[in-house]
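What follows is calculated from the coordinates using simple rules that are stated; it is not laboratory data. Since we're looking at a predicted model, the values are computed, not measured. In this analysis, Cβ positions are derived from the backbone assuming ideal geometry, glycine residues included, and neighbour counts consider all displayed protein chains.
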Amino acid sequence: MHKFQVLHDGIYCIDSGYVQDEYAAIYLLREGDEVAIIETATQHCLPRLLEVLTELAISYQQIKYVIATHIHLDHAGGIGAMMEIFDQARLIAHPRGAKHLIDPAKLIKGSMAIYGEETFKRLYGDIKAVDESRVDIAEDGDIYTVGGRDLLFLDTPGHARHHFCIYDAKSKGIFSGDTFGTSYPVLHYQQHGLIPSSSPAHFDPEAMNNSLDKILVYQPDYMYLTHYGEIDQPAAKAIELKQWLSDMQNLCQKLNPVDKASRLKLESALRQMTVDKLAGQVCCSEAELLALLDTDIKLNAQGLAVWWESTLNE
Ligand SMILES: [Zn+2]
């Protein structure tokens, strides 16, 4: 049985098993008889979620909402499979993401371009479409309720244009998707060092900065990271994230990553920056750190380069 963590106020953090242990979370929020699932990982992770539902004595019919913070497939890949099984559930989607969940052809194509066909199939399997009649589109500031408990949807571009964060007033926490960076428990960060996620194709550091300010206005006590788990004292940690963003922008300025050679330089500079910034915060070797973060660093470098080119074309 794959375990889950009971956080507080009816929130559970379930380890989806995507890629490796404690890498991508599926959150479950329960209030009264109703349940929302926030983040879906991939269809391969569904059996784990179903086991947890059995353990918590939650029926499939109690799932009121399925939500993904954005449509990158480590968050949204399992939506179609979940919606088939949770036949009473509605999907809450971002205005920019909804059409790609209703017709995932473009999403699949875009993701295959990043990962390659073979890796894509291994990671994500089949991406199932969701019937349009079961999709609610959440505009910025919309509130949906679960058992009478308010969930506030906040448009938070930066990591992606189709990203929202969800503020849960009861727990004073925010389901931050990839807006508040990543922090893997396996690295045993002493202080949960965070790394911004600048993956392609619509990363925008200024938008991310604004989104960080926007969510901190709610003075949250917790962030529920998809990668991975709950962190506290978000206001203090946002300062580090903002510094990273600024340093990443400066790296682009310096290296002008517009061709293969300069992009490789950017990637290795990011690798070094990661080692430097996390020094003293991890209790694993540098080699282990870089092995775990290899994909993230490559994606971050790609996303930064795409963003940099877009600023040159403005
Ligand atoms: Zn993402």
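In this calculation the C-beta distance from D142 to Y60 is compared with R0 = 35 Å, giving a FRET efficiency of 0.90. Here segment 239-312 is treated with +1 on each Lys and Arg Cβ and -1 on each Asp and Glu Cβ, and its dipole about the Cα centre works out to around 220 debye. Note on D87 and E51: their simple-model spin labels are 2.6 nm apart, each label 7 Å out from Cα toward Cβ. A crude spin-label estimate for the pair S310 and A105, with each label 7 Å from Cα along the Cβ direction, gives 2.4 nm.
Using a 10 Å cut-off on Cβ atoms, rank the peptides 166-173, 143-150 from the highest mean neighbour count down.
Highest to lowest by the protection proxy: 166-173, 143-150.
A straight line joining the Cα centroids of segment 197-243 and segment 5-36 runs 20 Å.
Peptides 201-212, 34-45, 231-242 ranked from most to least packed, by the mean per-residue count of other Cβ atoms within 10 Å: 34-45, 201-212, 231-242. Straight-line reach from K277: taking Cα to Cα under 26 Å and skipping same-chain neighbours fewer than 8 places apart, the lysines in range are K214, K237, K242, K254, K260, K265, K298.
Taking every DSSP helix (H) stretch of at least 4 residues in the chain, weighting each as -39,500 (n - 2.57) and dividing the sum by the residue count yields a mean residue ellipticity at 222 nm of -12500 deg cm²/dmol. For segment 4-232, the Kirkwood hydrodynamic radius comes to 17.4 Å, computed from all pairs of different C-alpha atoms. When the chain is described by a simple charge dipole with +1 on each Lys and Arg Cβ and -1 on each Asp and Glu Cβ, the residue from N300, M83, A98 located farthest towards its positive end is N300.
Net charge dipole, the chain: roughly 520 debye, given to the nearest 20, about the Cα centre with Cβ charges of +1 for Lys and Arg and -1 for Asp and Glu.
A full extension of the chain between V6 and D150 corresponds to an added length of 49.8 nm, given 0.36 nm per residue minus the alpha carbon distance.
Segment 59-94 and segment 138-196 have Cα centres lying 16 Å from one another. Listed by chain and number, the aspartates and glutamates placed with their C-alpha closer than 12 angstrom to that of K99 are D131, E132, D136; residues fewer than eight positions away on the same chain are left out.
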